[in-house]
Amino acid sequence: MSAKVILFPGKEKRVFGRHPWIFRSDIEKTTGSCEPGDIVSVYAANHRFLGRGFYNPQSQIAVRMMTYEDEEVDRDFIARRIREAIAYRKTFADLKSCRLIFAESDRLPALIVDAFDDILVLQCLALGMERFKSMVVEILVEELQPRGIWERDDVPVRRLEGLDMITGLLYGEVPDRFIFRENGIQFYVDVKEGQKTGFFLDQKENRAAIAPFVRDKEVLDCFSHTGSFALHAGHYGAASVTGVDISDYACVFATENARLNGLDDRVHFEEANAFDYLSEKSRAHRQFDVIILDPPAFTKSRATIDSAVRGYKEINLRAMKMLPPGGILVTCSCSQHMTPGLFQKMISDAARDAKVLLRQIEFRTQGKDHPILPSAPETHYLKCGLYQILG
Ligand code: SAH
């Protein structure tokens, strides 16, 4: 008998709303052989067919919906979805520097694939998708002929799915470090040891958006990682750029990236805690024309949102105090729990406390290669506001 998941009455509503997850507590019963990782058919309490998805009773997210049609989820299906993801990006992106597959947003739940030059980096965050992993690798090779594919599954969320944390070569060859281009700037990337998949592609369009505001300016880039915003500022003609990151590894890497682009005369990096750096410099009345804040997610759960808001507010407040009238603040948050509304409220609270009049130039989000499903607000995680201090 085929594997079926039957929901409690009313729980079909989220599926009709096209939210891609079914929680364990939504399931009344299963019939047939429903093993962890299997493809199951999902039914409403009245036995109406709702679609198919991956089943994992070990996870809070017990089913991840793959389709709302009565169709087989097999190799052809996965290949079709991968081809669709690539075709979508071909319309606007450089396939050598973009996220090729963004999980639920590409209807390939829990699967992430980033492209850096001719190397792909894959992340697979659920048991059901893990079963398709070698097939996904084969299809990516057929479609894109990469030089190599590297797995970066060293992420704790895999444990929630009963999966091990692993990294390693999936196909071809992957150098320890190589160069790729973003917006015409060269970057070394280390997909094996770097953070996440080695580079944060989601900010690509936001980095380009600073171009009109940095020419001949003095720029501070806090949480600079391998220097991507800082190098963009230098490339777009900033007079001087200081990048600050707490990681020695990131600062060394960023300095090499500056050298690679012949920008090391104007772009420098300092290893420091950005909170301390901002507080010291603001006490010393140091000013910058443009300040970029792109911190890590201060919260990964809703429970700690209050302390996260305090952290975001502190750095934004200090930055606002260090900007002269006309100065530009580029401020980001990549925490999905910090909703755009909460983030904007934090910004206006910080402006009130800093006693400045702020004007919003643009309120941006993640790049088009990380598309958002309005039906699943979790997919909308990045906020990037460009503001000007009026006085
Ligand atoms: N702006 C970067 C991404 C930042 S990721 C880009 O566009 O690529 C967050 C970075 O913040 C990491 O490199 C991490 O080392 C750094 N970091 C975390 N806590 C920090 C702190 N308190 N002070 C300075 N840097 C910090």
Relative to the longest principal axis of the C-alpha atoms of the chain, give the angle of the C-alpha long axis of helix 340-354, reported between 0 and 90° and rounded to the nearest 10°. 20
Residue-averaged 222 nm ellipticity for the chain, from DSSP H runs of 4+ at -39500 (n - 2.57), nearest 500: -8500 deg cm²/dmol
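Rounded to the nearest percent, how much of the accessible area of segment 139-261 (1.4 Å probe, protein heavy atoms only) is carbon and sulfur?
On the way: 2460 of 4930 Å².
C and S atoms contribute 50 percent here.
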Farthest toward positive dipole pole in the chain [+1 Lys/Arg, -1 Asp/Glu at C-beta], among GLY262, PRO175, ALA319: ALA319
Taking a spot 7 Å from the Cα of THR31 along the direction of its beta carbon, which residues of segment 1-19 have an amide N less than 11 Å from it? 1-6
Once both axes come from the Cα atoms, what is the angle between helix 133-144 and the longest principal axis of the chain, in degrees from 0 to 90, rounded to 10? 60
The chain - charge dipole about Cα centre, Lys and Arg +1 at Cβ, Asp and Glu -1, debye rounded to 20: 1440
Any chance you could count the Lys pairs in segment 287-391 whose alpha carbons are under 21 Å apart, treating pairs 8 or more apart or on different chains as valid? 12
Can you tell me the 0 to 90 degree angle between the C-alpha axis of helix 75-90 and the longest principal axis of the chain, rounded to 10? 20
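Would you please report the Å³ per residue occupied by the convex hull of the alpha carbon atoms in segment 103-240? Don't jump to the answer; show the numbers that get you there.
Working: hull volume 16.4 nm³, N = 138.
Hull volume normalised by residue count: 119 Å³.
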The whole-number value in µm²/s of the Stokes-Einstein translational diffusion coefficient for segment 312-373, with Rh from the Kirkwood sum over alpha carbon pairs at 4 °C and 1.567 mPa s, is 102
Given H placed on each backbone N at 1.01 Å, which residues far from MET66 in sequence or on other chains put an amide H within less than 5 Å of it? ARG52, GLY53, PHE54
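When DSSP beta bridges are limited to those with both residues in the chain, what percentage is antiparallel, rounded to the nearest 5? If you can, show how the numbers build up before the last one.
On the way: 52 of 77 bridges.
In the chain, approximately 70 percent of DSSP beta bridges are antiparallel ones.
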Charge dipole of segment 114-164 built from unit charges on the beta carbon (Lys, Arg +1; Asp, Glu -1), centred at mean Cα; most positive-end Cα among GLN145, LEU120, MET135 is MET135
Would you mind getting the accessible area per residue of segment 96-255, heavy atoms of the protein chains only, 1.4 Å probe, in Å²? 36
Whether segment 1-129 is rounded, prolate or oblate, judged on the alpha carbon gyration tensor where a/c under 1.5 counts as rounded: prolate
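The values are calculated or read from the model by the stated rules, or taken from the named source; none is laboratory data. None of these values were measured; they are calculated from a predicted model. Positions of Cβ are backbone-derived with ideal geometry, glycine not excepted, and every protein chain shown enters the neighbour counts. These area figures cover heavy atoms from the full protein model, side chains too; ligands, DNA and RNA do not enter into them. Shrake-Rupley method; radii C 1.70, N 1.55, O 1.52, S 1.80 Å.
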